[in-house]
Amino acid sequence: MSFAYWPSEPATLPPDSRGLICGQQASDLMLPREVLQQVRMVTRRLSIPEIQAVWLSGSATRGQLRRHSDIDWVVVTDGDLHLDSWPTTRHSFQIYKSDVFLRSLGDGHEFSVWQLAYGHPIYTRSKFHETLLQIQIAQNSLAIQRKLTTISRRKKMIRLLVECEAVDETRREVLLLLQQQLRVEILLAGYVPGCRAELEHQLSIVSPDRSVRWSAENRAWLERLASRPAASTVMAAADHYAGSRVKTEQVGIDVGMPR
């Protein structure tokens, strides 16, 4: 499994990346036959002049599609697009106006860069493709700063949830915080973060040293939170990651985690 470097030139990604490689067939993705038939049906319905580009993205392009996984699409269009009567409810669409998508790339927004790095282009109109190749994508430092801002806001949310004694919501926010920290580590290593389910695996491949350090700091907490932990464990995790200042006598136990 290969992972894409953050682009250092206009919309240019390494040769082993699927992004922006034209001429591939949907059959190259080795999807189940019934899914491949649906993909072809959707593609035919999206072949209208106003649409500039269509990608498959998510698990369908990364060899991780499961029986109940959504089939994710990115559609870039110059007109209004109304999507209905699709083969199944599995199909999920992210729709962008062309100028919005191009500006998002230029600003180095992680989600748009991810679509190029790991998406499978069904087709791109030649003029739009040429424009893509000329877009100078912002350095990954901007994406890192956005992630750090998101982490800061999530910590504030965790502290608020602790005050409200919202245990389940606190647990969810701490897990999301850990996911954001993983993304920062991958961005710092110079790569485009992949799908949510493969972030830990990706970090272990692109930066073993960072992976070892991240695991040493977070693995014990992650394992405790992955199941249905006691409220005391959740609150202790919130204190550890968000500085919620939950006292041990309040949570009732010493969870024995690293500080």
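Derivation of every value follows stated rules applied to the coordinates shown; laboratory data play no part. None of the values given here were measured: they were computed from a predicted structure. Please note: Cβ atoms are built from the backbone with ideal geometry, for glycine as well, and neighbour counts cover all protein chains shown.
Taking amide H atoms as placed 1.01 Å from N in the peptide plane, list the residues 5 or more away in sequence, or in a different chain, whose amide H sits under 5 Å from that of residue 122.
54, 55, 56
Under unit Cβ charges (Lys, Arg +1; Asp, Glu -1), what dipole magnitude, rounded to 20 debye, does segment 153-206 have relative to its Cα centre?
For this selection, approximately 220 debye.
Using only alpha carbon pairs under 8 Å that are at least six residues apart, calculate the relative contact order of segment 29-79 and give it in whole percent. Walk me through the numbers before you get to the answer.
Numbers: 46 pairs, mean separation 20.7, N = 51.
Averaging sequence separation for qualifying contacts and normalising by length gives 41 percent for segment 29-79.
Suppose every Lys and Arg Cβ carries +1 and every Asp and Glu Cβ carries -1, with no other charges. What dipole size does segment 180-226 come out with about its Cα centre, to the nearest 20 debye?
80 debye
Would you calculate the volume per residue, in Å³, of the smallest convex hull containing every Cα atom of segment 140-251?
93 Å³
If I model a spin label as a point 7 Å beyond the Cα along the Cα-Cβ vector, how far apart are those points for residue 168 and residue 80 in nm?
Computed distance between label sites residue 168 and residue 80 equals 3.9 nm.
Counting other Cβ atoms within 10 Å, keep those with at most 11, restrict to DSSP loop, and tell me which GluC sites (Glu not before Pro) in segment 93-199 are left.
165
What three numbers, in Å, describe the spread of the alpha carbons of segment 26-134 along their principal axes, ordered from the longest?
That works out to 36, 25, 21 Å along the principal axes.
Give the residue from 230, 180, 204 lying farthest towards the positive end of the charge dipole for segment 169-239; charges sit on Cβ (+1 for Lys and Arg, -1 for Asp and Glu) and the dipole is referred to the Cα centre.
230
Given a Förster distance of 25 angstrom, what is the FRET efficiency for residue 129 paired with residue 33, based on the Cβ-Cβ distance and rounded to 0.05?
Values: r = 29 Å, r/R0 = 1.18.
The formula returns an efficiency of 0.25 here.
Treating the beta-carbon of each Lys and Arg as +1 and of each Asp and Glu as -1, no other charges, what is the dipole magnitude of segment 140-251 about its Cα centre, to the nearest 20 debye?
300 debye
Computed FRET efficiency, Cβ-Cβ of residue 142 and residue 216, R0 30 Å: what is it to the nearest 0.05?
Efficiency for this residue pair is about 0.55.
Could you work out how far apart the two model spin labels at residue 92 and residue 45 are, taking each label as a point 7 Å from the Cα in the direction of the beta carbon, and quote it in nm?
About 1.8 nm separates the two model spin labels.
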